[in-house]
1. What is the residue count in segment 152-197 for residues that are surrounded by 15 or more Cβ atoms within 10 Å (Cβ to Cβ) and among the acidic types (Asp, Glu)?
2. What strands (runs of 3 or more DSSP E) lie completely within segment 203-293 and have 1 or more residues being over 28 Å from residue 162 (Cα atoms)?
3. For residue 96, state whether it is charged (D, E, K, R), at pLDDT 90 or above and buried (at least 19 other Cβ atoms within 10 Å of the Cβ).
4. Anything in segment 39-77 that is part of a helix (DSSP H, G or I), at pLDDT below 90 and not basic (Lys, Arg)? List them, or say none.
5. Scan segment 1-56 for residues that are of a type in the set (Lys, Arg) and without any contact (Cβ under 8 Å) to a residue 40 or more places away in the chain and jot them down.
6. Of the residues that make up segment 11-32, is at least one within 16 Å of residue 247 (Cα to Cα) and surrounded by fewer than 18 Cβ atoms within 10 Å (Cβ to Cβ)?
7. Within segment 200-213, how many residues turn out to be free of Cβ contacts under 8 Å to residues at least 40 places away in the same chain and touching a strand residue (DSSP E or B) at 6+ places or on another chain (Cβ under 8 Å)?
8. Mind checking which pairs have a first residue in segment 159-181 that is free of Cβ contacts under 8 Å to residues at least 40 places away in the same chain and a second that is of a type in the set (Gly, Ala, Ser), Cβ under 6 Å, 6 or more apart or different chains?
Amino acid sequence: MDLGEGLRKAIAKLKRATIIDAKTIREFNKELQKSLLSADVDVALVRELTDRIEEKALKSRPPPGVAPTDYITNIVYDELVALMGQSYEPKLKRQRILLMGLYGSGKTTTAAKLAKYYQDRGLSAALICCDVSRPAAYEQLETLAKQANVSFFGKKGEKDAAKIAKEGLERFKEKQVVVCDTSGRSALDGQLIEELKRVSSAFKPDEKIMVISADIGQVAGRQAAQFNSAVGVTGVVVTKIDGSGKGGGALSATNAARSAVMFIGTGEKLANIEPYRSDKFIGALLGVPDMAGLVASVQNAVKEAEIKPEELEMDELNFESFYAQLRAMGKMGPLQSIFGMMGATEVPKEMMEQGEEKLNRYKVIIGSMTKEERSDERILHNPGRIRRIAKGSGTTEKEVHQLISDFNKMRKMFDNLKNDRAFRKRFAKMM
C-alpha cells in the first residue's frame with residue numbers, strides 16, 4: 001500500500017465514525033502512523049505529527065456549520081503540508097545553477113529538465129557538462145540538450161572539471177540560465193568534496209542544488225545535511241516521486257534537515273518536472289483534484305507535441321482528431337499522473353498500465369493510416385487496408401479491428417454528449 005492509499009483509507013474510516021471522541025482520534029492516528037511509517041517517514045516526525053493532530057482535534061471545536069470529521073480532515077491536511085515543507089516559487093531571472101548528487105539520483109536528466117523548464121518560460125538556457133568521472137556522461141547530457149533544444153558545452157577527455165566550468169561560462173555569457181552538471185560518487189568522499197568546491201569556485205553559482213532520488217526515503221535528509229555541511233546547499237530536487245512509495249519519507253526528511261525542496265521530478269520525460277508545492281503534493285495523496293495543474297499540463301503537452309489548435313477541435317471525432325488527442329496525452333506523462341490531477345486516485349494501477357499500453361498501440365496503428373483513412377473510418381472496412389495497416393504498425397489484424405470497434409463506441413458516446421445541451425452548458429461553465 002502506498003502513502004496516498006493509506007491516508008485515504010484512514011480518512012475514509014474516520015468519516016464513517018458516528019462519534020468523534022478521544023478513542024476515535026487515537027484509532028485514526030494509529031492508521032495514520034502505519035501509513036507514514038510504511039512510506040519511510042522518520043518515527044520521531046510521525047510521533048510529533050500525530051501528537052499535534054490529537055491535541056488540536058481534542059482541544060479545539062469545529063467552526064459553526066462544519067462537520068467534526070471535515071474539521072479533523074482539515075487539521076490532518078494542514079499538519080501534513082507542514083511536515084512536507086514549504087512550497088517553492090522559481091525566480092525567472094538570470095542565474096547560474098550548480099547541480100550535485102550521488103550516483104543514481106537522476107542528476108544529469110534533472111540538469112536538462114531544469115534548462116528546458118526555464119527556456120520554456122522565456123529565458124535562454126544552456127548546459128555545461130562537468131561530470132568528468134562517469135563514462136558516457138558527456139554523450140548523455142549532449143543528447144538531452146538536443147532534446148530540450150538548449151545549448152551545450154563540454155570537453156570530452158578533459159579531467160579538470162573547474163576548467164570546463166570556466167570555459168563554459170565564457171562560452172555562455174549571453175545566456176540567462178546556465179546549469180552545470182557535476183560528477184557523482186556512490187558516497188560523498190573527500191575527492192568529490194574537493195572537486196565540487198573547485199567547480200563552485202570557478203562557476204560562482206547563484207544556486208547550489210542537490211539532486212536526491214525519492215526511493216531512498218528518509219536517508220535523503222542525511223544526504224542533504226552531509227552535502228550542505230561539505231559544500232553548501234541552497235535547495236534540493238527530489239526525483240522519481242512518481243515511482244516511489246518513499247516519496248513522503250524523502251520530502252519530510254529533507255524538510256527536517258532544513259533543506260528546502262525546490263523542484264520534484266514526476267516522470268521520465270523532460271517536461272516532467274515542477275516547482276515543489278507541499279499543498280499540491282498532499283492534495284494528490286488525499287485525492288484532491290489539481291485542475292490548474294491539469295490545464296497547464298495539457299497546454300504544455302500540446303505545445304511540445306507541435307499540435308495545431310485546429311487539430312484538437314472536437315466538432316467531429318475522427319481518427320485524425322483522436323490521433324492528435326493521443327499525441328498530446330503522450331506528452332503529459334503517465335496515465336497515473338493524469339488521473340491523479342483529476343482526483344481519480346482509486347483507479348487500479350494494473351488497469352492504468354493496461355490502458356496506457358492500449359493507447360500506445362492505438363497511436364502506432366493510427367500512425368500507419370493514410371490521411372484519407374483517418375478522415376473517413378468507413379473506407380477501413382476494406383480487408384486489404386486492414387492488412388496493410390496491421391503490417392505497417394507491427395500489430396495484428398485483430399488489434400486493428402479492435403481499435404475500430406472501440407473508436408466507434410467512443411464516437412457514439414461523443415455524439416450523444418455533443419447533442420446533450422445541458423451537458424455542453426455545464427462543460428462550458430466548468431471550462
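1. The qualifying residues number 4.
2. In segment 203-293, 273-275 are the strands (runs of 3 or more DSSP E) which contain 1 or more residues that are over 28 Å from residue 162 (Cα atoms).
3. When the stated conditions are applied, residue 96 passes them.
4. Passing the criteria: 57, 58, 68, 69, 70, 71, 72, 73, 74, 75, 76, 77.
5. The answer is 9, 13, 16, 23, 26, 30, 34, 47, 52, 56.
6. Within segment 11-32 (the criterion being within 16 Å of residue 247 (Cα to Cα) and surrounded by fewer than 18 Cβ atoms within 10 Å (Cβ to Cβ)), the answer is no, since none of the residues qualifies.
7. Residues in segment 200-213 being free of Cβ contacts under 8 Å to residues at least 40 places away in the same chain and touching a strand residue (DSSP E or B) at 6+ places or on another chain (Cβ under 8 Å): 0 in total.
8. 165/202; 166/202
The values are calculated or read from the model by the stated rules, or taken from the named source; none is laboratory data. Just so we're clear, the structure is a prediction, and the values are computed from it rather than from any experiment. Here Cβ is always computed from backbone atoms with ideal geometry, including for glycine, and neighbour counts include all displayed protein chains.
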